[in-house]
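A.B. asks: Pasting in a structure now, in structure tokens, and then I'll have a few things to ask.
The values are calculated or read from the model by the stated rules, or taken from the named source; none is laboratory data. Because the structure is predicted, anything quoted here is derived from the model rather than measured. Cβ coordinates were reconstructed from backbone atoms using ideal geometry, including for glycine residues, and neighbour counts include every protein chain displayed. Just so you know, the surface numbers come from the protein's heavy atoms only, side chains and all, with ligands and any DNA or RNA stripped out. Shrake-Rupley method; radii C 1.70, N 1.55, O 1.52, S 1.80 Å.
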Amino acid sequence: MSRVGLKPVQIPAGVEINIGEGNLISVKGPKGQLQEKVSELLDIEIKDGVLTVSRKADSKEERSQHGLARTLISNMVEGVTDGFEKKLEIQGVGYRAEKKGKTLVMNLGFSHTVDMEDPEGITTEVPSANEIIVKGADKALVGNYAANVRAWRPPEPYKGKGIRYAGEYVRRKEGKAGVKSGE
């Protein structure tokens, strides 16, 4: 039995959920509109402001899709009401970020700046030169865009320079042992 799949999804006020043909779920709320197609092997019902996901039978595929579908729908509801955000920190001498219109401009030690255009449904904020906040309604898009930003300069283990998630622990290594510089 899927413990996650059995939990009902509470639908807050101001959120509208439509179940289309082929289990196409569209969720509309104050922060936007999201759509996701879930498995047709599942039954989705809305009663009294509560959405439930149930299986038609008990095959292996239905069991595997049950919790996933419920979590995807729950994330869409949370995204259109509160939204999701990822915080990134930049560490390193001369490494910094700034926002120019809808473009994130980063100096990361290359001979050129790295310019990233905000995709549809994603906004980035730069409260300080060493901090980037990625916000949006779609959890997968927010995480993917934050990973793409981080991929330009992942934290390295010797000096710890690079872009990291807020609170991410970077395991540090010692440099070469027994070699003195200048000899």
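A.B. asks: Within segment 157-168, how many residues turn out to be within 21 Å of residue 86 (Cα to Cα), assigned to a loop (DSSP other than H, G, I, E, B), open to solvent by less than 60 Å² (accessible area, probe 1.4 Å) and not small (Gly, Ala, Ser)?
C.D. replies: 1
A.B. asks: Examine segment 169-182 for a residue that is open to solvent by 40 Å² or more (accessible area, probe 1.4 Å), within 21 Å of residue 106 (Cα to Cα) and either of a type outside the set (Phe, Trp, Tyr) or at pLDDT 90 or above (or both), and state whether such a residue exists.
C.D. replies: No; the residues of segment 169-182 include none that is open to solvent by 40 Å² or more (accessible area, probe 1.4 Å), within 21 Å of residue 106 (Cα to Cα) and either of a type outside the set (Phe, Trp, Tyr) or at pLDDT 90 or above (or both).
A.B. asks: Here's another thing I want to ask about it. Taking the condition of being open to solvent by less than 100 Å² (accessible area, probe 1.4 Å), more than 18 Å from residue 82 (Cα to Cα) and either out of contact with any Asp or Glu (no Cβ under 9 Å at 6 or more places or on another chain) or in contact (Cβ under 8 Å) with a residue 60 or more places away in the chain (or both), how many residues in segment 1-34 meet it?
C.D. replies: Final tally of qualifying residues: 7.
A.B. asks: Tell me, yes or no, whether segment 142-156 has at least one residue that is in contact (Cβ under 8 Å) with a residue 60 or more places away in the chain, out of contact with any Leu (no Cβ under 7 Å at 6 or more places or on another chain) and surrounded by fewer than 17 Cβ atoms within 10 Å (Cβ to Cβ).
C.D. replies: Looking through segment 142-156, none of the residues is in contact (Cβ under 8 Å) with a residue 60 or more places away in the chain, out of contact with any Leu (no Cβ under 7 Å at 6 or more places or on another chain) and surrounded by fewer than 17 Cβ atoms within 10 Å (Cβ to Cβ).
Results for (1) modelled with pLDDT of 95 or more; (2) in a loop (DSSP other than H, G, I, E, B); (3) out of contact with any helix residue (DSSP H, G or I) (no Cβ under 8 Å at 6 or more places or on another chain), shown as yes or no for each residue.
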residue	(1), (2), (3)
88	yes, no, no
93	no, yes, yes
120	no, yes, yes
126	yes, no, yes
133	yes, no, yes
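A.B. asks: Something else: Could you check how many residues of segment 35-54 are open to solvent by less than 20 Å² (accessible area, probe 1.4 Å) and within 17 Å of residue 78 (Cβ to Cβ)?
C.D. replies: Final tally of qualifying residues: 3.
A.B. asks: Separate question: Tell me, yes or no, whether segment 83-96 has at least one residue that is of a type in the set (Phe, Trp, Tyr) and under 22 Å from residue 32 (Cβ atoms).
C.D. replies: Yes, segment 83-96 contains at least one residue that is of a type in the set (Phe, Trp, Tyr) and under 22 Å from residue 32 (Cβ atoms).
A.B. asks: In segment 58-75, which residue that is open to solvent by 10 Å² or more (accessible area, probe 1.4 Å) and among the hydrophobic types (A, V, I, L, M, F, W, C) is nearest to residue 162 (Cα to Cα)?
C.D. replies: 72
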